Amino acid sequence: MTKEKTKKRGRPSKADLALRAEEAEKQKIIEIVFVIGIILFLGVFVQNARADQITHKFKSPSFNGINTSSHYLTIENQEFNRRQTIKDELKAAIEEAERDKENSTVQRFIRNFESRVYAELSRQLIANLFGETPSDSGVISLEGNTIEYSTDGDFLTLRITEADGTVTVITIPIGSFTS
């Protein structure tokens, strides 16, 4: 017999050990690939078993009809709120512009001037009625308005006729004014 065909007994060589380790590693890789393949196959099979028929459903209530009225109401409410917000902002801006216009330096001067003019006219009217030489009646025209005053000794009557024709009559007892 030849040497090659006879089995050696005893300790295996390094080459035999390396060959056996390599074959064991290949066997482990084959087992891992086989397990992964079975897992993938079962995963696909289970997914197919759980699968349902594919149906198309619209998400928008405008198309599918579910909750359509509440969807339209929501849209209408949002549009209304936007329009109302714009109106409120415009109104606030207009009011702010009017306040700024009324509080300008010129407007404050005019209001102060008018107040002083009216105070002076009032003082002159009081002087005509109750001064050193009082008069029993008189007429004052002011910006289209007519103020007529008269006294009978006990009462002072003011008749104010506005430019639009509205008449206001004020009667004041004068007992304590002329002492």
| Within segment 106-115, is there a residue that is within 30 Å of Ser150 (Cβ to Cβ), of a type outside the set (Gly, Ala, Ser), assigned to a helix (DSSP H, G or I) and at pLDDT 80 or above? | yes
| task | Please tell me if Asp88 is without any contact (Cβ under 8 Å) to a residue 40 or more places away in the chain, over 30 Å from Thr146 (Cβ atoms), among the acidic types (Asp, Glu) and not in a helix (DSSP H, G or I). | result | no
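Every residue, every condition in (1) loosely packed, with under 10 Cβ neighbours inside 10 Å; (2) assigned to a strand (DSSP E or B); (3) in contact (Cβ under 8 Å) with a residue 24 or more places away in the chain, yes or no:
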| residue | (1), (2), (3) |
| --- | --- |
| Ser135 | no, no, no |
| Gly138 | no, yes, no |
| Ile147 | no, yes, no |
| Ser150 | no, yes, no |
| Leu156 | no, yes, yes |
| Ile160 | no, yes, no |
| Ile172 | no, yes, no |
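The values are calculated or read from the model by the stated rules, or taken from the named source; none is laboratory data. Everything numeric here is computed off the predicted structure, so don't read it as measured data. As a convention, Cβ positions derive from the backbone with ideal geometry for all residues, glycine included, and neighbour counts pool all protein chains shown.
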